[in-house]
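The values are calculated or read from the model by the stated rules, or taken from the named source; none is laboratory data. Everything numeric in this text was worked out from a predicted model, so none of it was measured. Backbone-built Cβ (ideal geometry, glycine too); neighbour counts: all protein chains shown.
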Amino acid sequence: MPVNLDVLRQQPLTLIGPATQTLADGGSISVWRRAMELAIRRSQTASFIAGLAERLGVKPGTIKGLSRAERKDLDKRIDTQLKYLDGYEGDWRAGKMSPAQAMARSALYPGATRGTFYATRYPELTTVPGGGTTPCNGNCRCFLEQDGKKVYWRLTAQESCAGCVELANGSPYSVEGDE
């Protein structure tokens, strides 16, 4: 059964939204930081396992552990998001954003779940939607669609940056898969 990426994107919002609103209302930065870290770790792990399960053709619940290489890859993805969080926290402490800007910035974190899912699902691809390597920095609604050993970069009507358009025009890409 294909993974529902919208569900993966919504998962971290259950922690991020309330934590950021509490912070905007004068709450503790350290409490907010812990909630953000927890949301990042959980969502990145869920996306990684979902991508791995889909690549292996198994249900996510059947994956009971990760290899050292897989753990290293997941930790690298989490660390990348935590570095963004360091910058975010620094900007908040320096008073460089309004509560509305903080809410908007927090809402960007779930987008990284797509990048983790696709990069884990299709390790042969060097660029994936949500991966942060396009001009939109992964904040688009593009997606990948597989047909046999070909993967197509698909655009959506809502938005597509020039990098995503170029990647879509360059598809299909070859990957491992069923024929």
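Kindly indicate whether G27 is over 12 Å from A112 (Cβ atoms) and either free of Cβ contacts under 8 Å to residues at least 24 places away in the same chain or surrounded by 20 or more Cβ atoms within 10 Å (Cβ to Cβ) (or both).
yes
In this entry, S98 passes the filter for residues that are assigned by TED's automatic domain parsing to the domain that holds S47 and over 26 Å from T45 (Cα atoms). The condition (being β-branched (V, I, T), crowded, with 16+ Cβ neighbours inside 10 Å and closer than 18 Å to L74 by Cβ) is satisfied by just one residue among V128, V151, V175: V128.
Pairing residues of the range 121-144 that are within 17 Å of S43 (Cβ to Cβ) with residues that are among the aliphatic types (A, V, I, L, M) and surrounded by fewer than 19 Cβ atoms within 10 Å (Cβ to Cβ), at Cβ distances under 7 Å and at least 6 apart in sequence or on separate chains, gives N139/L108. Output yes when any residue across the range 58-77 is under 30 Å from I29 (Cα atoms), part of a helix (DSSP H, G or I), more than 11 Å from the chain's Cα centre (by Cα) and not charged (D, E, K, R), and no when none is. Yes, there is a match, as at least one residue in the range 58-77 is under 30 Å from I29 (Cα atoms), part of a helix (DSSP H, G or I), more than 11 Å from the chain's Cα centre (by Cα) and not charged (D, E, K, R). When each of C164, C136, C142 is tested for being out of contact with any helix residue (DSSP H, G or I) (no Cβ under 7 Å at 6 or more places or on another chain), within 30 Å of P60 (Cβ to Cβ) and not aliphatic (A, V, I, L, M), the lone residue that passes is C164. Among residues of the range 73-84 that are modelled with pLDDT under 95 and of a type outside the set (G, A, S), those with a Cβ under 7 angstrom from a residue that is outside any helix (DSSP H, G or I) and surrounded by 15 or more Cβ atoms within 10 Å (Cβ to Cβ), sequence gap 6+ or separate chain, pair up as Q81/Y109. Taking the range 85-119 as the range and being part of a helix (DSSP H, G or I), exposed (fewer than 15 other Cβ atoms within 10 Å of the Cβ), small (G, A, S) and modelled with pLDDT of 90 or more as the test, the residues that pass are G87, G90.
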